[in-house]
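This report concerns only the one structure given below.
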Protein chains: 2
Amino acid sequence: MNSPTAATLPITGDQRLVKNINRIALLRLLREEEGLSRADLSDRSGLTRSTVSLLVKELIDEGWLRENEVIVTGQLGRRPTPLQLDGRRFVLVGAELTPDTIRVVTTSIQGEVLEANEAALRQVDPEGACHQLVEMISVLVRRVVDGGREVLGIGVGLPGAVDSQTGVLQFAPNIGWRNVPVGERLRAELESADLSSVPVHYQNEADLAAIGETEFGPRPADDPLVYISCGVGLGSGIVLGDTMFTGATGAGGEIGHTILHLQGRACSCGRRGCAEAYVGLRAIAADAGLDGKPEALKAAMAERKDQARAAFDAAGRNLGVLLQNIWTTFDPKSIVLGGEAVALGGADFVDPALQVLASYGEAAGVPAPTVRLARYTEQAVAVGGAAYALYALMHPYQALLQQQR
Amino acid sequence: MNSPTAATLPITGDQRLVKNINRIALLRLLREEEGLSRADLSDRSGLTRSTVSLLVKELIDEGWLRENEVIVTGQLGRRPTPLQLDGRRFVLVGAELTPDTIRVVTTSIQGEVLEANEAALRQVDPEGACHQLVEMISVLVRRVVDGGREVLGIGVGLPGAVDSQTGVLQFAPNIGWRNVPVGERLRAELESADLSSVPVHYQNEADLAAIGETEFGPRPADDPLVYISCGVGLGSGIVLGDTMFTGATGAGGEIGHTILHLQGRACSCGRRGCAEAYVGLRAIAADAGLDGKPEALKAAMAERKDQARAAFDAAGRNLGVLLQNIWTTFDPKSIVLGGEAVALGGADFVDPALQVLASYGEAAGVPAPTVRLARYTEQAVAVGGAAYALYALMHPYQALLQQQR
């Protein structure tokens, strides 16, 4: 009964944390398989039955779990009570900051969108943007609290790479930010709004969208999963071994700057021949004869203009080569396509990409991996922010390691 | 004292396993930082002091740890005794099977090569090859046992991708094997040789070489680390988050089949323009006017023939583009180059690759990541096999998940 045990990755002797890890282990088991009993949980976790009973009671009292009715089977003896995730008492908050728009959502812990709001970005400087962001978050949080529910955390998606060591947004070219300590700024704003007790997380937008797919998708989650964010920038979010992969410095997954055409077009990054210079929205708008202005693509596609459709087709073919390279590099369980280019181009963009990928698969005699569209379409990043707030709770070590500031 | 705790990834209620995880946690802490005391280990692991004392005693008795002398500092009170890894009692066995050669080594748990042996492969069929392999392993193992030491495990590197679900070698084109249940074969041979009690592991050669770099290199290990194996085949082994990454089906890291030249040369895989068709040894031998025969490159390079050197230079430039793509995809802490092409081509191959990588870094205004040569040169895979036997002990969950058969 007094079995000495510990977490596999020792970081701290804090007993509250260790207890927390056990609670999380139980929640994760029930997330993978609904209806497990206390005895099942004990068997699968290696925790004693008395510990499981204690923790399950706590989790029921707090609103994380509920007991289901026992099905009478006619067998002798007391039937074990099936348990399942509840969480109706909890809400997650997600947000996305783009160069021109702020989106905020609240979701349940199962990923249902409860409320959503969107507004044009008033000021592009970090102070103004973070102020507006927290202002919009506050409105939703107040409504959650007034409704008697609790906010578990906030996740914010940013249009650039976040250094995993320092928590600083390194470079967000499309909004013109460089080395911005976003965390400090957000926490200061949350304090002014009297929300300093809510944990806040932030990450590159594609990373969050990937987490949105794995945390809120069907169980077991597809793994490895590569989310490709097709917009003005071309990036990816990668989930490997149930962990968000961000590389040594936070710049992992920058697939838009892999070379597709040796000595090809000049890319905004300074290199030549990068995928983004062929698949990014500015390139598509240039090919469409729209002077490189992505905002003009919407009207052109609404009118089904041939040159715009041809531009999406050419970009899609290049995307197909990139998909082939991602396939052979990651051997993913699924690849997910999202972002504005997918929304604007639709089948004119996606179909040629899938055709090229399939033709590589045929040539090699191996079926290409599953490619599907983002579950939450234009809300993928904001919902991904909410998912990341849950991920941080469910993966305390990974979140600690990824955002130690 | 009776704190209920458990491992983060619950798989089993087996208390021996849970105890084992705690032992491993202590060994890993001491591997990262030599000289920790029992009190330090308790603080960092979250285990109680009495549990730590118990486990440390066991680990000392078994030969895993030793106590260092206490340094007298003049301070009052009993000085804590510094601990460190010992392991002189243990030996690891590694092996490599190539299309023409078998290599076997024994190493210490710190990665020193104790003995090495090499022989031409007598028969290329799976039965004959596995028989010869285990024959060679037996000779070394007998010597270890006669010397009073214990073999912890055997790791075998194979020239193809191993399905992580079934443990079957899927396809090894250069030796002509397809769907070979290598595990069964090796275990049958080990049983005949009266070695069935020794755990045996096997994996793709590049994966093992990568593990050799991280398990036996300086601490903390570089992470992410990408090992590029340049031979007739062009593959990679990837370590992410202290875990060997093999993809959804074991085919992860097949970077030799990412496209470098759209509509380029036909590749052995059936696609066009793959990196292997430009950087693999057969391509280099063809460019060198040697009829695509890699075995002729050795003499040509020994004579410093211009055409052979030019072929390595061209291949190196293509490798440089691949390095740039790996950089932006993985944001690795280091990239390691190994394999026969590196041995044969030397600076004629590696320097142009580094130049191309550096020029991409300059264009983007970002320093390129560290690229270095494999620590164990031509023994990289065999030593990697030994390292993998240690990795399997130190990462019981990952090894379980990767080789559940």
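Per the listing B:Gly94, B:Gly87, B:Gly111, the residue uniquely surrounded by 14 or more Cβ atoms within 10 Å (Cβ to Cβ), modelled with pLDDT under 95 and under 22 Å from the mean Cα position of the chain (by Cα) is B:Gly87. Does region A:361-375 include one or more residues that are away from every other protein chain (no Cβ under 14 Å) and farther than 21 Å from A:Phe312 by Cβ? Looking for residues that are away from every other protein chain (no Cβ under 14 Å) and farther than 21 Å from A:Phe312 by Cβ, one finds at least one in region A:361-375, hence yes.
State all residues of region B:216-231 that are buried (at least 22 other Cβ atoms within 10 Å of the Cβ) and either more than 21 Å from B:Leu97 (Cα to Cα) or in contact with a strand residue (DSSP E or B) (Cβ under 8 Å, 6 or more places away or on another chain) (or both); if no residue qualifies, say none. Within region B:216-231, B:Phe216, B:Pro224, B:Leu225, B:Val226, B:Tyr227, B:Ile228, B:Ser229, B:Cys230 qualify.
Of the set (1) hydrophobic (A, V, I, L, M, F, W, C); (2) within 14 Å of chain B (Cβ to nearest Cβ); (3) within 14 Å of the chain's Cα centre (by Cα), all apply to A:Leu208 but (2). Of the strands (runs of 3 or more DSSP E) lying entirely inside region A:94-202, the ones with 1 or more residues being at negative phi and β-branched (Val, Ile, Thr) are found at A:101-107, A:113-120, A:150-158, A:177-180.
When B:Leu262 is tested against (1) under 24 Å from B:Ala363 (Cβ atoms); (2) within 30 Å of the chain's Cα centre (by Cα), only condition (2) is not met. Each residue in region B:28-67 was checked for being assigned to a loop (DSSP other than H, G, I, E, B) and at pLDDT below 90, and 3 of them qualify. When residues in region B:361-396 are screened for being closer than 22 Å to B:Ala206 by Cβ and not in a helix (DSSP H, G or I), 10 of them pass. Within region B:256-268, the set of residues being within 21 Å of A:Ile335 (Cα to Cα) and either of a type in the set (Phe, Trp, Tyr) or part of a strand (DSSP E or B) (or both) comprises just one member, B:Ile259.
Could you list, in sequence order, the residues of region B:309-360 that are within 12 Å of chain A (Cβ to nearest Cβ), part of a helix (DSSP H, G or I), of a type in the set (Gly, Ala, Ser) and crowded, with 18+ Cβ neighbours inside 10 Å? Within region B:309-360, B:Gly320 is the sole residue that qualifies. Pairs meeting the criteria (first residue in region B:270-292 and closer than 22 Å to A:Thr328 by Cβ, second residue surrounded by 24 or more Cβ atoms within 10 Å (Cβ to Cβ) and among the charged types (D, E, K, R), beta carbons under 8 Å, at least 6 apart or on different chains) are B:Ala283/B:Glu276. Among the candidates B:Gly253, B:Gly247, the residue that is in a loop (DSSP other than H, G, I, E, B), within 14 Å of chain A (Cβ to nearest Cβ) and in contact with a Lys or Arg (Cβ under 9 Å, 6 or more places away or on another chain) is uniquely B:Gly247. Condition (residue is in contact with a helix residue (DSSP H, G or I) (Cβ under 6 Å, 6 or more places away or on another chain), on the phi > 0 side of the Ramachandran plot and within 11 Å of another protein chain (Cβ to nearest Cβ)) applied to region B:267-282: is it met by at least one residue? The answer is yes; a qualifying residue exists. Restricting B:Asp100, B:Asp125, B:Asp61 to residues that are among the charged types (D, E, K, R) and more than 28 Å from B:Asp207 (Cβ to Cβ) narrows the list to B:Asp61.
The values are calculated or read from the model by the stated rules, or taken from the named source; none is laboratory data. Source: prediction; values computed, not measured. Note that each Cβ is placed from the backbone with ideal geometry, even for glycine, and that neighbours are counted across all protein chains shown.
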